[in-house]
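What follows is a set of notes on a single structure, which appears directly below.
The values are calculated or read from the model by the stated rules, or taken from the named source; none is laboratory data. All of these numbers come straight from a predicted model, not from anything done at the bench. With ideal geometry, Cβ positions are generated from the backbone for all residues, glycine too; neighbour counts draw on all protein chains shown. Surface accessibility is based on the protein's heavy atoms, side chains included, excluding ligands, DNA and RNA. Shrake-Rupley method; radii C 1.70, N 1.55, O 1.52, S 1.80 Å.
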Amino acid sequence: MSDLRDLYQEVILDHSKRPRNFHAIDGAELAKGHNPLCGDRVTVFVKVVDGVIADVGFQGDGCAISKASASLMTEAVKGKRADEARHLFTLFHDVCTRDDVEDPEGELEKLEVFSGVREYPVRVKCATLPWHTLVAALDHKPDTIKTE
Amino acid sequence: MTLDLARIRADFPALGQDMYGKHLTFLDSAASAQKPRPVLDALRSFYEFEYANVHRGVYWLSQRATERYEQSRAKVRAFLNAARDEEIVFVRGATEGINLVAQSWGRAFLQPGDEVVISAMEHHSNIVPWQMLRDERGIVLRIAPITDDGDLDLAATASLIGPRTKLVAIAHVANALGTILPVREVVAMARKVGAKVLVDGCQAVPHMAVDVRDLDVDFYVFSGHKLYGPTGIGILYARHEHLVAMPPWQGGGDMIRSVTFEKTEYADPPAKFEAGTPHIAGAVGLGAAIDYVQAIGFDAIVAHERDLMTYATERLGRINSLRIIGTSKTKSSVISFTLAGVHPHDIGTILDREGIAIRAGHHCAQPVMDRFEVAATARASFGIHNGRDDVDALVAGITKVLEIFA
Ligand SMILES: Cc1ncc(COP(=O)(O)O)c(C=O)c1O
């Protein structure tokens, strides 16, 4: 069961049960994401002021991994510049899919907990869906993002 | 009649494996069944010693292969108690069978405004082909609703079936709910208005004896891979008169009597609907699967699986946060469920690490998920090799899920 705890770490369970920034934001850019495989749906709202993510939130329904990922993502990118958020996604994506990546600067901080997901290939999309959706919102592409 | 579970299990090589160091508990036969050794052996020996193309060669091997292919057709005929071998068309699977009916029979015999009635618990494969025909031909698609228990709402169904109804297409057993549909009652309603009936038997044929003449249906389809046979082979049963009247669907070799550039004469059924080199080995494997199931016997299978369903329903029912979706009194070997506060995908992942294979998702029946207001369910389904110990493993696995999410 130890390996399951690598995936379902306390931080992830906590954020899935009590997601942060779990609300819509009036007047924000938004994009929708959908993972048809498991039915995860997420809408990400993001407000960028002078290139900085001033506010970010999400709504939706999905598995623990996707919910926690969305929640931790909003915490991680709030106050960051949009290009920093994109960079973080690249790093995050690598950590979720490859075991040869390093994060020497510790940029991922709490997001590091998702490294366990790489042992569960079918679940990687659950973790990355909110990020794909965030990037779509930043790119002003509100159409539903699909993971497949 | 009891079934020798230990012997049956020994027949399934896949079940002897460990997953993540744990004994495999396979509870996803509804998606696709594991294969018993007699089926694997039949495929192998056919390819090794009897293989050639069918209906073509004058040489021994081709004749032998043709014989084996046609023997399998005869086995399927007997399995479904169809009147004649010519009523059995080899297709790729249930999906292809339904598409064949929609595109051949449907295009030829349905006019704009004609109605096709399906149930609200169909697999996508018995929804989308009719929607395609609707968009192409202007037919009307009507949906017979289901009750909160997951039964077909018979009164509502009766009121939907009227003079414009040309076809009623329903599952024999619903894959997401396990409900056994009252095919006879529906056939009676259809007959009153002169409508034809198609039954999707994918989830029925592994679990109960099916008699297409007794059921009095026009079309019956199933997939070999859910009946412990190979993938890529399935059956369309259709009454001979329909197959004679229906235009061919795909054109090519094997489905013609003579071809000139001016005119082609089609072969008689079933060859008319079997264009191209068929899945010969698949048909042989399916024949072996039918032999295998029939040697065990449906009396024993039904009794065994009924016991398992009762046991599983009772044990799962004792878990407080567990909700069974589909609580019909007439159910076959499927239990769909949700756990309060835990997404089915997480259930699936955690059970997987316990060596338990279940399905999590919408089961290609999204309208059913919408009807019960869930995004997805976890689904355990049984095959002949499952026993009470598999249910115990499932319950222990669910307990672990609840611990993690406590
Ligand atoms: C009730 C039902 N109908 C149709 C199908 C489609 O079968 P296939 O994918 O083998 O064509 C399935 C399989 O999932 C099913 O359960």
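Odds and ends about this structure:
- GNM result for chain A, Cα springs below 10 Å: residue of A:G116, A:G106, A:G62 fluctuating most strongly: A:G106
- Each of B:D389 and A:A28 was given a label point 7 Å from its Cα along the Cα-to-Cβ line. The distance between the two points is 5.3 nm.
- Applying 1/(1 + (r/R0)^6) with R0 = 35 Å to the Cβ-Cβ distance of B:Q17 and B:T264 gives a FRET efficiency near 0.10.
- Note on B:R7 and A:A54: their simple-model spin labels are 7.7 nm apart, each label 7 Å out from Cα toward Cβ.
- Percentage relative contact order, segment B:251-383, counting C-alpha pairs under 8 Å, at least six apart: 16 percent
- Rounded Å value of the spacing that divides the Cα centres of segment B:65-92 and segment A:113-148: 48 Å
- Label point distance in nm, B:T310-B:D153, each placed 7 Å from Cα along Cα→Cβ: 3.2 nm
- Of all aspartates and glutamates in the structure, the ones whose alpha carbon falls short of 15 Å from that of A:K125, not counting any fewer than 8 places away in one chain, are A:D40, A:D61, A:D94, A:E148, B:D346.
- Largest-first ellipsoid semi-axes for segment B:214-326, taking √(5λ) over the Cα gyration tensor eigenvalues, angstrom: 42, 16, 14
- Per residue, the protein assembly as shown exposes 41 Å² of accessible surface when a 1.4 Å probe is rolled over the protein heavy atoms with every protein chain present.
- Placing a label point 7 Å from the Cα of B:N53 along the Cα-to-Cβ line, no residue of segment B:87-125 has its backbone N under 11 Å from it.
- Along its principal axes, segment B:105-172 has C-alpha extents of 36, 25, 17 angstrom, given from the largest down.
- Under the span-like rule (Cα at least 20 Å along the axis, Kyte-Doolittle mean at least -1.0), DSSP H helices of chain B: B:60-80, B:280-296, B:298-317, B:388-404
- In loop segments of segment B:44-126 as defined by DSSP, there are no GluC sites (Glu not before Pro) with at most 10 further C-beta atoms inside 10 Å of their C-beta.
- Ranked from largest to smallest solvent-accessible area, with a 1.4 Å probe on the protein heavy atoms, B:I319, B:I98 come out as B:I319, B:I98.
- Segment B:16-68: trypsin sites (Lys or Arg not before Pro) in DSSP loop, at most 16 other beta carbons within 10 Å: B:R56
- For the protein assembly as shown, the Stokes-Einstein estimate of translational diffusion at 37 °C and a viscosity of 0.692 mPa s comes to 128 µm²/s, using the Kirkwood hydrodynamic radius over alpha-carbon pairs.
- For trypsin sites (Lys or Arg not before Pro), the sites in segment B:193-301 that DSSP calls loop and that have at most 15 other Cβ atoms within 10 Å are B:K263.
- Segment B:213-254-segment B:184-209 distance, computed between alpha-carbon centres (Å): 14 Å
- Calculation over all alpha carbon pairs of chain B in 10 angstrom steps from 0 returns a P(r) of 5, 22, 30, 25, 14, 4, 0, 0 percent.
- What a 1.4 Å probe finds exposed on segment A:2-146 is 48% carbon and sulfur by accessible area, rounded to a whole percent.
- Rounded to the nearest 5, the antiparallel percentage of DSSP beta bridges internal to segment B:40-294 is 45%.
- Our estimate of slack between B:A78 and B:A295, defined as 0.36 nm per intervening residue step minus the Cα-Cα distance, is 76.8 nm.
- Panel note: contact residues of segment A:119-142 (accessible area lowered by at least 30 Å² against the chain on its own; 1.4 Å probe) correspond to A:Y120, A:R123.
- Of all DSSP beta bridges confined to segment A:2-146, the antiparallel ones make up roughly 90%.
- The protein assembly as shown, helix-only ellipticity at 222 nm - DSSP H runs n ≥ 4, -39,500 (n - 2.57), divided by all residues, nearest 500: -11500 deg cm²/dmol
- Residue among A:D40, A:D94, A:D103 with the largest mean-square fluctuation in a Gaussian network model of chain A, springs linking Cα atoms under 10 Å: A:D103
- Pairing chain A with chain B buries about 1600 Å² of accessible area. This figure sums both sides and uses a 1.4 Å probe.
- In angstrom, the C-alpha Rg and Dmax of chain A are 14.1, 47.
- Entries of A:K17/B:K400; A:K146/B:K400; B:K22/B:K226 with Cα pairs more than 29 Å apart: A:K146/B:K400
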